[in-house]
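Remarks on the structure that follows.
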Amino acid sequence: MAATIRCPRCGADALYAYGRIKNGKQRFLCLMCNRQFVPVKKQSSPPMAQRPRCPLCGSAMHVYRRQSGRIRFRCAAYPECRGYSKITA
């Protein structure tokens, strides 16, 4: 069974196929609130455990970049401390 597409603003399912965007994806127009949108499939991010500690100074690390299958962390004391860590899922 196919998932029902709903308007992200008002949640209505009264939609009109309203052309396509540049890369060919279907665009919709909500007949209730006149919002134009392209349905986006939510990407599942890899689960994140506790934030790691910096291997150089021991302070907490912040998420620096999320890529497919991995998360990069950077030391909270950046730029004084240039410690980093990668977690792959």
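The values are calculated or read from the model by the stated rules, or taken from the named source; none is laboratory data. Quick caveat, the model's predicted, so the values are computed rather than measured. Every residue, glycine as well, gets a Cβ built from its backbone with ideal geometry; the counts of neighbours run over all protein chains shown.
Here are some notes:
- Any chance Cys54 is within 30 Å of Ser85 (Cα to Cα) and modelled with pLDDT of 85 or more: yes
- Of all residues making up segment 9-29, the number that are among the hydrophobic types (A, V, I, L, M, F, W, C) and either assigned to a loop (DSSP other than H, G, I, E, B) or over 18 Å from Lys41 (Cβ atoms) (or both): 5
- Tyr84 being modelled with pLDDT of 85 or more and surrounded by 15 or more Cβ atoms within 10 Å (Cβ to Cβ): yes
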